[in-house]
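Q: I have a structure I would like to understand better, so I am pasting it below and will then ask my questions one at a time.
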Amino acid sequence: MKPAWSPAVLYKNRSQAGQVLAARLRPYIHHNPIILAVPRGGVPVGYQVARELEAPLDVLMVSKIGAPGNKDMALGAVTDGAARRWVANQAMLEYLNPPAGWFEAERDRQIDSIERRRRLYRGHTDPMVITGRTVIVVDDGVATGSTARVALFALAEAAPARLVWAAPVGPAGVAEGLRTLADDVVCLATPDVVKHIETYYQDFCPVSDQDVLSLLARCRSDSRV
């Protein structure tokens, strides 16, 4: 029988990963940061960071464009905002050679998904103003970096005082590449290659929309205590 805890596993679950990440980010408590979590998997991680840093938590509307038949393989990403941004992994697109028009159709589908989730998570509430603030973007892991790059591109246009990308695990080369887009990159584990983020977690259960709403509400409640 395969052991429940293999040598590759680093974290019990997203909450525990968030606690470890929060400890590393603790010095930022003095910068009055805003935590932006990438839904849905990044929200349980971001919640723990927000609690530790006594910071507000919001979601960052960005979505991965997964490969045909393998949604975990990112071929690109799109983000919400007044001027939508998107990136494509040209090397992987050329290698997989999907049907003509597939990428554009999937990109538009993800944009529709982002709009649906924005209405669900925020309702009529405006996103937090990040201009002049320290912003820490949190996800549950990085594989290709497509999602991270498009998010950082979009956020930089809002002129935050400091932009930080943080995740429990990500490839060393990808994490290093993100340093050209962020003021700081905090990636706890940096193996050479990350094929499947879930292999680094004992429990990587899907995060539901209701889970996201619950954590956002809990963080707002904590801030009022």
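The values are calculated or read from the model by the stated rules, or taken from the named source; none is laboratory data. The structure presented is a predicted model; accordingly, all values stated were derived computationally and were not measured. Positions of Cβ are backbone-derived with ideal geometry, glycine not excepted, and every protein chain shown enters the neighbour counts.
Q: Tell me, which residue of region 76-103 that is assigned to a helix (DSSP H, G or I) and either small (G, A, S) or loosely packed, with under 10 Cβ neighbours inside 10 Å (or both) is modelled with the lowest pLDDT?
A: Filtering first and then ranking leaves A91.
Q: Quick check on this structure: which one of L188, L215, L155 is under 14 Å from the mean Cα position of the chain (by Cα) and either not assigned by the TED database to the domain that holds L93 or not aromatic (F, W, Y) (or both)?
A: Working: L188 fails: under 14 Å from the mean Cα position of the chain (by Cα); L215 fails: under 14 Å from the mean Cα position of the chain (by Cα).
When all the criteria are applied, what remains is L155.
Q: Do the conditions hold for R133, that is, is it modelled with pLDDT of 90 or more and in the same structural domain as R26 (by the TED database)? Break it down stepwise before answering.
A: Working: modelled with pLDDT of 90 or more: yes; in the same structural domain as R26 (by the TED database): yes.
For R133, the condition - modelled with pLDDT of 90 or more and in the same structural domain as R26 (by the TED database) - is met.
Q: Would you check which residues across region 26-67 are among the hydroxyl-bearing types (S, T, Y) and closer than 25 Å to R107 by Cβ and list them? Break it down into steps so the answer makes sense when it comes.
A: Of region 26-67, the ones among the hydroxyl-bearing types (S, T, Y) are 28, 47, 63.
Answer for region 26-67, where residues must be among the hydroxyl-bearing types (S, T, Y) and closer than 25 Å to R107 by Cβ: just S63.
Q: Now for a different question. Is it fair to say D184 is over 9 Å from V142 (Cβ atoms), surrounded by 14 or more Cβ atoms within 10 Å (Cβ to Cβ), touching a Lys or Arg at 6+ places or on another chain (Cβ under 9 Å) and acidic (D, E)?
A: Details: over 9 Å from V142 (Cβ atoms): yes; surrounded by 14 or more Cβ atoms within 10 Å (Cβ to Cβ): yes; touching a Lys or Arg at 6+ places or on another chain (Cβ under 9 Å): yes; acidic (D, E): yes.
When the stated conditions are applied, D184 passes them.
Q: Is it the case, given these coordinates, that I65 is farther than 18 Å from Y200 by Cβ and surrounded by fewer than 18 Cβ atoms within 10 Å (Cβ to Cβ)?
A: On the way: farther than 18 Å from Y200 by Cβ: yes; surrounded by fewer than 18 Cβ atoms within 10 Å (Cβ to Cβ): no.
In short, no.
Q: Moving on. So which residues in region 162-181 are over 14 Å from the mean Cα position of the chain (by Cα) and touching a residue at least 40 places away in the same chain (Cβ under 8 Å)?
A: Within region 162-181, R162 is the sole residue that qualifies.
Q: Still on this structure: Name the pairs: first residue in region 188-209 and touching a residue at least 12 places away in the same chain (Cβ under 8 Å), second residue loosely packed, with under 13 Cβ neighbours inside 10 Å and of a type in the set (S, T, N, Q), Cβ to Cβ under 9 Å, at least 6 apart or on different chains?
A: Once the first residue is touching a residue at least 12 places away in the same chain (Cβ under 8 Å) and sits in region 188-209, its partners that are loosely packed, with under 13 Cβ neighbours inside 10 Å and of a type in the set (S, T, N, Q) give T199/S6; Q202/S6.
Q: Do any residues in region 107-135 that are free of Cβ contacts under 8 Å to residues at least 60 places away in the same chain have Cβ atoms under 6 Å from those of residues that are of a type in the set (S, T, Y) and surrounded by 10 or more Cβ atoms within 10 Å (Cβ to Cβ), where the two are at least six apart or on different chains, and which pairs are they?
A: From region 107-135, the pairs are Q110/S63; S113/S63; I114/S63.
Q: Would you be able to say whether some residue in region 75-83 is touching a residue at least 24 places away in the same chain (Cβ under 8 Å), farther than 24 Å from I35 by Cβ and either under 15 Å from the mean Cα position of the chain (by Cα) or not assigned by the TED database to the domain that holds I197 (or both)?
A: Filtering region 75-83 for residues touching a residue at least 24 places away in the same chain (Cβ under 8 Å) gives 75-81, 83.
Subset that is farther than 24 Å from I35 by Cβ: 75-76.
Those still in the list that are either under 15 Å from the mean Cα position of the chain (by Cα) or not assigned by the TED database to the domain that holds I197 (or both) too: 75-76.
Among the residues of region 75-83, at least one is touching a residue at least 24 places away in the same chain (Cβ under 8 Å), farther than 24 Å from I35 by Cβ and either under 15 Å from the mean Cα position of the chain (by Cα) or not assigned by the TED database to the domain that holds I197 (or both), which makes the answer yes.
Q: Turning to a different aspect of this structure: From the residues in region 34-49 that are surrounded by 24 or more Cβ atoms within 10 Å (Cβ to Cβ) and over 17 Å from N13 (Cα atoms), which one is farthest from the chain's Cα centre (by Cα)?
A: I35
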